[in-house]
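J.: Structure below; questions to follow.
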Amino acid sequence: MRLVSKGLRLLVLLLLLPFAHVDALRSHTLTKEHKHRKVQSWSSRCLAILGKKCTVHHQQRSEHLSHTLIVCNHQGLIDPLPIVCAIQSPLSFVSKIENKKILGIGEWGKVIDLIYFDRESREGNVKMLRECTQQLKAGGNVLIFPEGTRSKSDAMNPFKAKAFGIVKMAKANVLPITLSHAYDPFNPKIKDPLTITIHPLMSYESLKDMDVETLSDTLYDIISSAIQPTTLHT
């Protein structure tokens, strides 16, 4: 029955993709705020289909973010969904280039200026960092997962410190956030709600004298401190 349940949820999500694609085509001329509300609506819908609730712990409000690099741990496939729902300001994020070809997701990527990267290509990584910097300089908000790959657990992988060079290049603020209980969305033993902790905003002025290694270590400690252990029910 668990396999059937997982299959049905996946089938419903796949059936939604053409509708998401059409809605994205109609949304290119909307304001950034309206685009974000639309993406939040689709993200919330997907979480509901997955049977997941999202709890947000606010140490920082997120309605009026700008010039901000949002930094989060990376647990699983659906990580962007609860983050988009929790952050109330428009944002873009970094995604692997393969997602560009997925119906619906690819078109919404164009709408919100998703930044794609090819992890196998050095040139692709340089291009990704340049696009992140440009968006931040223009006043946008960009989400990154500095682990570079999913941890698939409550534990965190080391951060790739070089990613934080864009903070100084763009003179960006940094918003650390922590995601819990997201690494296995189809596991029926995980009853804990997806949990987002939004930490206090770090202004560029407060961190401009840090080197990237120190900034990376500082953010790692902040984010890891709020991870909530997952309870597996029998």
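The values are calculated or read from the model by the stated rules, or taken from the named source; none is laboratory data. Computed from a prediction, not measured in an experiment: that's the story for all the values here. Cβ coordinates were reconstructed from backbone atoms using ideal geometry, including for glycine residues, and neighbour counts include every protein chain displayed.
J.: Taking helices (runs of 4 or more DSSP H) that fall entirely within region 1-106, which contain at least 3 residues that are more than 23 Å from Asp154 (Cβ to Cβ)?
T.: Of the helices (runs of 4 or more DSSP H) lying wholly inside region 1-106, those with at least 3 residues that are more than 23 Å from Asp154 (Cβ to Cβ) span 2-25, 32-49.
J.: In this structure, does Ser216 turn out to be of a type in the set (S, T, N, Q) and crowded, with 17+ Cβ neighbours inside 10 Å? Full working, then the answer.
T.: Numbers: of a type in the set (S, T, N, Q): yes; crowded, with 17+ Cβ neighbours inside 10 Å: yes.
Answer is yes for this residue.
J.: Continuing with the same structure: Among all residue pairs at least 6 apart or on different chains, which show Cβ distances below 6 Å where the first residue, located in region 38-59, is within 17 Å of Leu179 (Cβ to Cβ) and the second is modelled with pLDDT of 95 or more and surrounded by fewer than 19 Cβ atoms within 10 Å (Cβ to Cβ)?
T.: Taking only residues 6 or more apart or on different chains, the pairs are Gln59/Pro200.
J.: Another question, then. What's the number of the only condition in (1) surrounded by fewer than 21 Cβ atoms within 10 Å (Cβ to Cβ); (2) at pLDDT 95 or above; (3) touching an Asp or Glu at 6+ places or on another chain (Cβ under 9 Å) that His199 fails to meet?
T.: Condition not satisfied by His199: (3).
J.: What are the pairs with Cβ atoms under 7 angstrom where one residue, in region 205-216, is acidic (Asp, Glu) and the other, located anywhere, is in a helix (DSSP H, G or I)? Sequence gap at least six, or different chains.
T.: Note: pairs meeting the criteria are Glu213/Ala161.
J.: So in region 11-29, with the set limited to residues that are in contact (Cβ under 8 Å) with a residue 24 or more places away in the chain and out of contact with any Gly (no Cβ under 9 Å at 6 or more places or on another chain), which one is nearest to Pro80 (Cα to Cα)?
T.: Leu13
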